[in-house]
Each structure stands twice: as structure tokens, then as C-alpha cells.
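One structure is given below, encoded as C-alpha cells.
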Amino acid sequence: VVPPGGHFTYTGIIANNTSDPQRVDLWVMVTLPNGNPYGPLKRYNGVPLTPHQTRTRTDIRQNVSGLAPPGVYTYTANCGDYPSNVISLDSFEFTVTSGKGSGGDDWTLEGWFDDEGELLPERTELFGNYPNPFNLTTTFSYALAADAEVTLEVYNLLGRKVATVVNELQTAGYKSVRWDASGCASGVYFYKLRAGEFSQTKRVMLLK
């Protein structure tokens, strides 16, 4: 229970329950007493998670607008690919009391990942693609331990190149890129990542 212009605090936990590194978007929404969604109040793009990592933040502070009408609100944290692909979410309710509002008019959020720099991977690695098998589009994910000239190419079973997905200088970090295979026939393909002296190949299946 909080007055307009007040604030509340909570603990936020985000976890990667898979054996692969992940990069996810995290965004916070609020549902107003009239049922309308509002937000995102805050959005964090590409939060890195190592395999089976759990990241916990305590004392996250949510400021409530001084113009907030009284009533019951639903506070929701979404994890996935902003804005529409929600992998997981959690929510709770809070109540804004009646009375004259004080403080700011913004729904400012403090304390999630505001105070940390970009976490860089320890080694260059090709993680794979999702989904696999796929229909029309799939996303390749990889990590660069250092800046590098990067190429990501797709080949058919005869060894003929059918697509160049990436061909550029890229900075270190976690990367993902989508391949639109609408012009290719169903079947098995191989994709190869080259980054400096690093090279790795994996298989993907296209089903139409």
C-alpha cells in the first residue's frame, strides 16, 4: 500500500535454467485500476545470463507517480524478446491510496541493472540457433570475446553458399541475428561462423 508520489521496494530475480548462455530483454509494466496497461516503466535490453545463472537484486525501488489515481494495480516483470515474445513473467498487486499526491509525476524505477557495465564473454563461441528445426526464420546466437571481422554463412548439403547472414566488423559481446530462409527449399543446411582465427560450423534444418 503506497500513497501517490510514494514508492515501494522489492527483490528481483532472473534465472537461466538452460545449459546455454542467454540474452534476454527485461521490461516492467503496470496495469492501472481501470484495466489498461501502462509502460514499460523500464526496459533493459539484452541482459546476459550464463548457463544456469541466477541474478538477484535487492532493494529495487519503484516510484509511484504523484498523479496515480487510487485503486489496485498489477505490477508485472516480463522476460523475453521485447515487446511481444514473453518467455516468462511474474506479477504482484499493490494499492495506491487516495489523497493528494506528492513527489514526482514519473514512474521511475531504480536498482535493476542501471549500475553495471556490459558483461563480456570470456571466449568466442557459436551457441546455435533457435528454433531448430524451423519454418522460414531462425535466430543464430554467438559470443565474441574481442572485436573481430565476423562472417556467418549458410551452406547447403552440396557445399554451395546460400546466404551470408553477417559480414562486418563487430565489437565484443553477445550477438544474435535472424536468418530469413523463405527463399530456400526444405532440408538440412550448415552455417559457419568465422571471427578472427575462430571458426565453427553447426547444422540447421528448414521445414516448410
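Of the Cα atoms belonging to the chain, the radius of gyration and Dmax stand at 21.6, 73 Å. Taken over the alpha carbons of the range 35-88 as equal point scatterers, the Debye sum produces base-10 log I(q)/I(0) values at 0.29 Å⁻¹ of -1.48. Between 84, 65, 176, the GNM of the chain built on Cα springs shorter than 10 angstrom shows 84 fluctuating the most. Result for the chain in a Gaussian network model with C-alpha springs under 10 Å: among 197, 153, 110, the largest mean-square fluctuation is at 197. Each other residue within a Cβ distance under 11 Å of residue 66 adds +1 if Lys or Arg and -1 if Asp or Glu, for a net charge of -1. Accessible-area rank, largest first, for 92, 134, 198: 92, 198, 134, with all protein chains present and a 1.4 angstrom probe.
For the chain, a Gaussian network of Cα nodes joined below 10 Å ranks 68, 15, 185 by mean-square fluctuation, and the top entry is 185. In terms of accessible area, using a 1.4 Å probe and ignoring ligands and nucleic acids, 155, 189 rank largest first as 155, 189.
The values are calculated or read from the model by the stated rules, or taken from the named source; none is laboratory data. Predicted, not measured: the structure shown is a model, and the values here were computed from it. Virtual Cβ from ideal backbone geometry, glycine too; neighbours counted across all protein chains shown. Side chains are part of the model used for accessible areas, which takes the heavy atoms of the whole protein and leaves out ligands, DNA and RNA. Shrake-Rupley method; radii C 1.70, N 1.55, O 1.52, S 1.80 Å.
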